[in-house]
Amino acid sequence: MSIQLDLQNDEALAGVPEAEQFSLWVTAALQQDYDSLEQTIRIVDEAESQALNAQYRGRDSSTNVLSFPADIPHIDYQCLGDLVICAPVVAREAAEQNKADVAHWAHLVIHGMLHLQGFDHENHLDADKMEALEVKILSTLGYRNPYNDE
């Protein structure tokens, strides 16, 4: 499998993990095999996150991760879609939840990648399935359950 990661951090925001870590998390989250996959992850500030969240979800606030599934016919590679992650929100949430920044980054990338593959948490049953899968993937990478209130 070949994954091409397009990691965009145009504002050179601090505290962002290395591209190799993002590639590891993206690969771990894949629920099927791909011959060739192109994945874009855009790191943004709160203003851009808020603008995108307002435009596409009708919520006028910044958020940790947004996923934009792709539906692109007639391309010669696979593209699940784009992830947009707000670095300041990730840092703030990690501090508030007493989590290591890198663990929270891993969780949000995996969470977003699962959304791009059709997983959701709009009802309790779907949320339970998605959260269990997130916990399983994170544990294979050495991260603890992000849903425990320890």
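Taking amide H atoms as placed 1.01 Å from N in the peptide plane, list the residues 5 or more away in sequence, or in a different chain, whose amide H sits under 5 Å from that of residue 40.
6, 81, 83
Restricting to bridges with both residues inside segment 2-140, how much of the DSSP beta-bridge set is antiparallel, in percent to the nearest 5?
DSSP beta bridges in segment 2-140 are roughly 30 percent antiparallel.
Using packing as a proxy for protection, rank 22-35, 120-133 so that the peptide with the highest average count of other Cβ atoms within 10 Å comes first. Don't skip to the end; give the middle numbers.
On the way: 22-35: 15.9, 120-133: 12.4.
Those peptides, ordered most packed to least, come out 22-35, 120-133.
Full-extension gain between residue 98 and residue 59, please, as 0.36 nm times their residue separation minus the C-alpha to C-alpha distance.
Details: separation 39, 0.36 × 39 = 14.04 nm, distance 2.62 nm.
Contour length minus the Cα-Cα distance gives 11.4 nm.
Taking the Cβ of each residue in 79, 86 as the centre, tally the other Cβ atoms inside 10 Å and list the residues starting with the fewest.
79, 86
Rounded to the nearest 500, what is the chain's calculated 222 nm mean residue ellipticity when only DSSP H runs of at least 4 contribute -39500 (n - 2.57) each, over all residues?
The per-residue figure over the chain is -14000 deg cm²/dmol.
Between [x] 9.4; [y] 8.3; [z] 8.7, which matches mean projected area of the Cα convex hull in nm² calculated for the structure shown?
For mean projected area of the Cα convex hull in nm², the calculated option is [x].
Assuming R0 = 25 Å, can you tell me the calculated FRET efficiency for the pair residue 71 and residue 19, based on Cβ-Cβ distance, to the nearest 0.05?
Efficiency at R0 = 25 Å is approximately 0.45.
None of the figures in this text is laboratory data; all of them are computed from the coordinates on show. Values in this document were obtained by computation on a predicted structure and should not be read as measured data. In this analysis, Cβ positions are derived from the backbone assuming ideal geometry, glycine residues included, and neighbour counts consider all displayed protein chains.
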